Amino acid sequence: MVIIPLSAVTRAGNRGRWPWIVWLGVLAIVTVGMLLVRNRLNEAQVALVYLLVVQGGSAREGRGLGFLLAGVAFISFDWFFLPPYGTLAVAKSVDWAVLGAFLLTSVVAAQLFERARAEADIARQRSAELERLSIEREQLGARAEHADALREASRLKDAVIASVSHDLRTPLTTIKALAADLASGGDERAMIIEEEADRLNSLVADLLDISRLNSGTASLNPEPNEAEDLIGAALQRVAGTTVGREIRVAIEEGDPLLIGRFDFPQTLRALVNLLENALKYSPPSEPVDLGVRRDGEWLAFSVSDRGQGVPAAEGERIFEPFYRKPGLPPDVGGSGLGLLIARALVEAQAGSLVYEARVGGGSIFTLRVPAIDVDVLAGQ
């Protein structure tokens, strides 16, 4: 009895029946051909022809078909080519050895071809994986080169900005001096010239600051400072622009002192920038809220206004250089660098500056710097 493995039948269903039918047809044709010359063939020749068919089917369609062809060839060999013909009986005992050797050789050949197919599949998969890895490596290399080019372009841009900004300082000083001379002669246009020179000088200073911050050469000295001192200094700095305006200050109650580690002048500059923006973009009748609180390991300063706010999609773009909110009149002052510089100054001290929409309309900017516990500071 010949047992055909269930896996062979399953594989036939998966791969399609037509290749199996074709190979069984080949086996049938070969059998008919050998029957026509059966008297001139011996057992070894029949076994060799059948073995070639089994090997061909195994090589093309795998072990399942090889086992099936081996079984059918085994029965055909016995039925058609070993006397007595037309029965499964075998007259000579040596013919049993021939049949057994044929079946064993066929099964081993099918198994070997299956192993070769599996190894070939693995080799193809490895080759495809190596090709994929090679493509990814080339892509990563291209991205790295692109990133290097961007870094170099950014470095050159900062160098150009720094150079041009330095070179502009001297002519601006000359322009201001000439404006002062014109003013002493009674020329009313001198004041306009001097105001515009101051405005341009402020822009040059902002560009220099951005260049220093991007290159890491900005001078920062974070040290313990009290939150109330920073708020008091900020209020004094904006006092000239708050005529008729209200700034409401809220300091969290609880700890006797709120202390953080930050560079006082640079953090003051960032906080003043937030206050000036709030005063500029909120209605004159609405107060601006300035508060400070302890937020875990952070000291959080918040500046809130009741202006138009910022569209949700623009929440991060406002920190980009030269950003202007859509629909803003062109005559609104400012270079669009203030928020960028404020965030860079705070982040250079391991802090953060974020924007969020205020409930009921308006904006909230929260500036965080590392907080210091009073008892830790006392232990130092």
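The values are calculated or read from the model by the stated rules, or taken from the named source; none is laboratory data. This structure is a prediction, so every number in the text was calculated from the model and none was measured. FYI the Cβ positions are ideal-geometry reconstructions off the backbone, even for glycines, and counts take in every protein chain you see.
Within the range 188-234, the set of residues being under 19 Å from Ala342 (Cβ atoms), more than 32 Å from the chain's Cα centre (by Cα) and among the β-branched types (Val, Ile, Thr) comprises Val204, Ile231.
Residue-by-condition table, conditions (1) aliphatic (A, V, I, L, M); (2) modelled with pLDDT of 80 or more:
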site	(1), (2)
Ser7	no, no
Val22	yes, yes
Leu35	yes, yes
Arg38	no, yes
Asn42	no, yes
Leu69	yes, yes
Ser76	no, yes
Trp79	no, yes
Tyr85	no, yes
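Any residue that is touching a residue at least 60 places away in the same chain (Cβ under 8 Å), more than 30 Å from Gly64 (Cα to Cα) and not aromatic (Phe, Trp, Tyr) - is there at least one of those in the range 137-154? Yes, the range 137-154 has at least one match. Of the listed requirements (1) surrounded by fewer than 14 Cβ atoms within 10 Å (Cβ to Cβ); (2) aliphatic (A, V, I, L, M); (3) not in a loop (DSSP other than H, G, I, E, B), Val243 misses just one: (3). Of all residues in the range 259-312, those satisfying the criterion of being among the polar types (S, T, N, Q) and within 19 Å of Arg245 (Cβ to Cβ) are Asn273, Asn277, Ser282, Ser285, Ser302, Ser304, Gln308. Restricting the range 323-380 to residues that are assigned to a loop (DSSP other than H, G, I, E, B) and of a type in the set (D, E, K, R), the residue that is modelled with the lowest pLDDT is Asp331.
Selection within the range 34-52: residues that are touching a residue at least 40 places away in the same chain (Cβ under 8 Å) and within 60 Å of the chain's Cα centre (by Cα). The member of this set that is surrounded by the most Cβ atoms within 10 Å (Cβ to Cβ) is Tyr50. Tally time: how many residues in the range 57-76 are more than 12 Å from Trp20 (Cα to Cα) and not aromatic (Phe, Trp, Tyr)? Result for the range 57-76: 7. Among all positions in the range 219-238, there is no residue which is in a helix (DSSP H, G or I), buried (at least 16 other Cβ atoms within 10 Å of the Cβ), touching a helix residue (DSSP H, G or I) at 6+ places or on another chain (Cβ under 7 Å) and not assigned by TED's automatic domain parsing to the domain that holds Lys280. None of Arg269, Arg245 is basic (Lys, Arg) and at pLDDT 90 or above except Arg269. Among the residues of this structure, Arg117 counts as one that is assigned to a helix (DSSP H, G or I), in contact (Cβ under 8 Å) with a residue 24 or more places away in the chain and out of contact with any strand residue (DSSP E or B) (no Cβ under 9 Å at 6 or more places or on another chain).
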